[in-house]
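Encoded as structure tokens, the structure appears first; notes follow it.
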Amino acid sequence: MKILLINHYALPPSQPGGTRHHALARALQALGHQPTIVASAFDHLTRTSRLEPGEAIRTERHGGVPFVWLRTPAYRGSGGAARLWSMLAFARAVRQHRVAERPDVIVGSSPHLFGAQAGLRLARRLGVPFVLEVRDVWPQSLVEVMGVPRWHPVVWAMARIERELYREADHIITLLPGIAPRVAERGGDPRAITWVSNGIDLSLVPPLEEAERGDRFTFMYAGSHGRTNALDVLLDAAALLRSRARPRRLDLVLLGTGPEKVRLQARARDEGLDEVRFLAPVPKLEVYRTLAQADAFWVSAQASDLWRLGISFNKLYDYMAMARPTVIGMDCPSNPIAAAGCGITVSPGDAAAMAEGMERLLAMDAPERQALGRRGRAYVEANCEMRILAERFAGALEGVLRSPHGRAHAG
């Protein structure tokens, strides 16, 4: 199959950020398929463009995977009118894109809905099936996580696009296992859904080393520093833990970047949380060497009804692949850490509960912690390795192509 994957923020593993589609594309190539990724040339993290002045489009390969970079406007910050304009510009560029070779199927991913809708328009123009990949649930994420009023024009516009995509997609691939009721409520076919979680390319993970080194114990968070991630809970837990005596020093590390990072750094400095360290983001090709410095991981998320649809934070699979236990502050029926039995789950937004979960992990002996970590590694090897996910992904697309009516029902 010739597959066109449209994702505004797709990146190669040589850069920090989301590399799901690059890893998926490599695994699809190993199965004999021909994927091409269409993405924005403007990098959200570095605020730089891959294009020269006057250049509107560029095609290049990264690790053997073709990328088509489309020009979009530059912006600062993580939100606001300028970023919205960049999203709309990307959608316009996708709609007008003149593909070098007609694909068999187009997949429009939803880090935002405008790009996915543009994928639908392009698919209809080319006369090929369209598959929607649901990553984030818009506009519910804006309302429940970001606090945008339901009457806001952007929320209203996204709600209309969401209904159109659910109804018009020939199939839906979702990272969220509980999405079917929402699709049905908005006129989509709940039978035409395939769950393909985030996962990991284990070939990138170096040989594992045992943790538990020296007289220090390191908890690490690696990921975005945004409102959704509720990282104040981790700093609150750090403040609670510092007053408790223990035989080993705690190092609490936050790796990554995002709109909240500067504020969090200032807060840690003002409160004298010297045991909390902030590290700059690193490319996917290098991140596992940094993760190997951790003895355990911690992660939190803002309390929200949104998580009842499921979670698929890529960072969780990275943690599990490192064979280290994780303390997670979330309330979600499809929690991979709980499913694998590889850590401790505590209430979201509760710093005391997070601190207590960390203390429970510290109170275990080293073999017990290592056993938790090995369960996580075994879980991703059996369920979340990119080859396995690519087979599921490709199977859904092949089902669409086989269907006489353009839809494949997953059942």
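Consider A230 against the criteria (1) farther than 30 Å from R392 by Cα; (2) touching a Lys or Arg at 6+ places or on another chain (Cβ under 8 Å): it satisfies all of them except one. Which criterion is unmet?
All conditions are met except number (2).
Can we say V65 is in contact with a strand residue (DSSP E or B) (Cβ under 8 Å, 6 or more places away or on another chain), under 19 Å from V287 (Cβ atoms) and modelled with pLDDT of 90 or more?
yes
Go through the range 140-189 residue by residue and tally those that are touching a residue at least 24 places away in the same chain (Cβ under 8 Å) and closer than 24 Å to K315 by Cα.
Total satisfying the criteria: 13.
Between L11, L5, which is within 17 Å of the chain's Cα centre (by Cα) and part of a loop (DSSP other than H, G, I, E, B)?
After applying the criteria, what remains is L11.
Mind listing whichever residues of the range 154-194 are over 21 Å from I106 (Cβ atoms), charged (D, E, K, R) and within 21 Å of the chain's Cα centre (by Cα)?
The one that is over 21 Å from I106 (Cβ atoms), charged (D, E, K, R) and within 21 Å of the chain's Cα centre (by Cα): R182.
Residues that are of a type outside the set (F, W, Y), touching a helix residue (DSSP H, G or I) at 6+ places or on another chain (Cβ under 6 Å) and over 14 Å from M220 (Cα atoms): does the range 306-319 have at least one?
For the range 306-319, residues of a type outside the set (F, W, Y), touching a helix residue (DSSP H, G or I) at 6+ places or on another chain (Cβ under 6 Å) and over 14 Å from M220 (Cα atoms): present.
Residues of the range 269-298 being of a type in the set (A, V, I, L, M), crowded, with 18+ Cβ neighbours inside 10 Å and more than 20 Å from R216 (Cα to Cα), which ones?
Matches in the range 269-298: V287 only.
For L231, all conditions in the list (1) aliphatic (A, V, I, L, M); (2) assigned by TED's automatic domain parsing to the domain that holds R277; (3) within 24 Å of L24 (Cα to Cα) hold save one; what is the number of the exception?
L231 satisfies every listed condition except (3).
Take the range 240-252 and flag every residue that is out of contact with any helix residue (DSSP H, G or I) (no Cβ under 9 Å at 6 or more places or on another chain) and either under 26 Å from L45 (Cα atoms) or surrounded by 13 or more Cβ atoms within 10 Å (Cβ to Cβ) (or both).
Across the range 240-252, the qualifying residues are R242, D251.
Inside the range 299-310, can you point out the residues that are buried (at least 20 other Cβ atoms within 10 Å of the Cβ), within 17 Å of V134 (Cα to Cα) and touching a residue at least 60 places away in the same chain (Cβ under 8 Å)?
L306, L309, G310
Going residue by residue through the range 325-347, is there one that turns out to be hydroxyl-bearing (S, T, Y), closer than 21 Å to D201 by Cα and crowded, with 21+ Cβ neighbours inside 10 Å?
Within the range 325-347 (the criterion being hydroxyl-bearing (S, T, Y), closer than 21 Å to D201 by Cα and crowded, with 21+ Cβ neighbours inside 10 Å), the answer is yes, since at least one residue qualifies.
Could you run through the range 194-208 and say how many residues are among the hydroxyl-bearing types (S, T, Y) and part of a loop (DSSP other than H, G, I, E, B)?
So the answer is 1.
Show the residue pairs meeting these rules: Cβ distance below 8 Å; 6+ apart or different chains; first residue within the range 354-372 and on the phi < 0 side of the Ramachandran plot and part of a helix (DSSP H, G or I); second residue of a type in the set (S, T, Y) and buried (at least 21 other Cβ atoms within 10 Å of the Cβ).
These pairs meet every condition: M354/S300.
Can you confirm whether N335 is in contact (Cβ under 8 Å) with a residue 40 or more places away in the chain, polar (S, T, N, Q), within 28 Å of V183 (Cα to Cα) and touching a strand residue (DSSP E or B) at 6+ places or on another chain (Cβ under 9 Å)?
Against the criterion (in contact (Cβ under 8 Å) with a residue 40 or more places away in the chain, polar (S, T, N, Q), within 28 Å of V183 (Cα to Cα) and touching a strand residue (DSSP E or B) at 6+ places or on another chain (Cβ under 9 Å)), N335 does not qualify.
Could you list, in sequence order, the residues of the range 333-353 that are within 26 Å of the chain's Cα centre (by Cα) and in a helix (DSSP H, G or I)?
P336, I337, A338, A339, A340, A351, A353, listed by residue number.
The values are calculated or read from the model by the stated rules, or taken from the named source; none is laboratory data. Fair warning: this is a prediction, and the values are worked out from it, not measured in the lab. Reconstructed Cβ throughout: ideal geometry from the backbone, glycine too, with neighbour counts over all protein chains shown.
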